[in-house]
Amino acid sequence: MLKDAIDFSSIQRVLVIKLRHHGDVLLTSPVFTVLKQHAPHLEVDALVYADTADMLTEHPHISRVHVIDRKWKKLLPWQQAAREWRLLSQLRQRKYDLVVHLTGHPRGAWVKRLTGARYGVANARDRSDRLWRKAFTHFYSTMARGNARHTVESHLDALRRLGIEPRVEDRKLLLEPGAAARDRVTSLLTANGVQGDFILLHPASRWQFKCWENAKVAELMQRLHAAGHRLVVTGAPSADERAMVDDILRRAGVPAVNLAGQLSLKELAALIGRARCFIGVDSAPMHMAAAMQTPVVVLFGPSGEHEWGPWMVRHRLLVSDHSCRPCGMDGCGGSKVSECLTSLPVERVFAAVNEVLV
């Protein structure tokens, strides 16, 4: 046992901080499960950006979800200060014993110091400034560049550093849509004549360089329709994603239910949970599919599948043999187009779908 492992019998409340994007936040969900399974008496809270909160709300092992609204930056200074003070007051009232900080955001160090938490754990490689080093009592290690470890396991390394060994069954992603979201999805599917099985395609991403070609998505839809599958297509409410979905449907020319821009995050999760298979790219909805235990077919280009691939779910992962990937670049030469992704043939994706449907 670690000589500086924490005795969790003396810990009452824990705050887990993850100030990143939707998928990143969802990938922290096992942290809450593992903490509660290790010490059931704990109250475990989360601190995330407001727009990502639905990734964790209704998680059965989370007591409270505190939020920071990115829009605060647009307020007048005194207005922003008032909201920051209100948040800090709420955090201090909880009297945390432990802060688990899962990003390199400097706010985590300030929260640890200003809440008076006795213990704090953060990534040793994220920062090296004096505030960071003084704020935390424990630091977990990460692998050197060039090595790969799934992000879920990296998150759980923070708990391992404190003396907790996660059980395999507790490492699954967890996302709870809620009854209201499930009911609305049922109504939408009924209204669109979808009674039985369907395949869900989510071809878009907020990052254009992660997207497959529209023409290939359309061809895949044609093949799936010819094979007798009912198709549902989703996308974010943004104008560019809705335009992308419209273009794909126009090219495909086959019957499909278009729900792009019509769903909340919780409703999207509920819909994914009803699907027989999810087809998409490296994006938050792909992680949502893993959390809902819906079989996944996913195309990866510049991003690393070992760190970000589908987690603990039946899946087929499609990558090219380009020697330069994963590069993490914004398309080849910054062009927004990734050849390692766009070169993937429709035949391979269609075959992968048939494999996960068996």
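What follows is calculated from the coordinates using simple rules that are stated; it is not laboratory data. No experiment lies behind these values; they were computed from the predicted model shown. Glycine gets a Cβ as well: all are built from the backbone with ideal geometry, and neighbour counts include every protein chain shown.
Remarks
- Within region 1-39, trypsin sites (Lys or Arg not before Pro) in DSSP loop having at most 14 other beta-carbon neighbours inside 10 Å: LYS3
- Part-to-part distance (alpha-carbon centres) for region 272-305 and region 10-78, which is given in Å: 22
- If R0 equals 25 Å, the separation of the Cβ atoms of ALA179 and LEU357 corresponds to a calculated FRET efficiency of about 0.30.
- Helix 151-160 axis versus longest C-alpha principal axis of the chain: approximately 20°, rounded to the nearest ten.
- Remark: spin-label model distance GLU347-LYS74 equals 4.9 nm, labels positioned 7 Å along the Cα→Cβ axis.
- Amide N of region 1-39 lying under 19 Å from the label point, which is placed 7 angstrom from the Cα of LYS95 along Cα→Cβ: 7-16
- Normalised convex hull volume, region 147-253, alpha-carbon set, Å³ per residue: 197
- Extension reserve of the ALA148-ARG20 stretch, reckoned as 0.36 nm per residue once the Cα distance is removed: 44.1 nm
- Gain on full extension, evaluated as 0.36 nm per residue between SER10 and LYS172 minus their Cα-Cα distance, stands at 55.6 nm.
- With Cα atoms as the point set, the radius of gyration and Dmax of region 215-358 evaluate to 14.8, 40 Å.
- Shown is the FRET efficiency for SER238 and VAL194, computed with R0 = 22 Å from the Cβ-Cβ distance and rounded to the nearest 0.05: 0.35.
- A straight Cα-to-Cα reach below 19 Å connects LYS36 with the lysines LYS18, LYS95, LYS172, residues fewer than 8 places away in its own chain not being considered.
- Of LYS74/LYS216; LYS210/LYS266; LYS73/LYS266; LYS71/LYS336; LYS73/LYS216, pairs whose Cα-Cα distance is over 30 Å: LYS74/LYS216; LYS73/LYS216
- Converting the Cα gyration tensor eigenvalues of region 34-117 into ellipsoid dimensions via √(5λ) gives semi-axes, longest first, of 24, 15, 11 Å.
- Length released on extending from HIS322 to VAL254, taking residue separation times 0.36 nm less the Cα-Cα span: 21.2 nm
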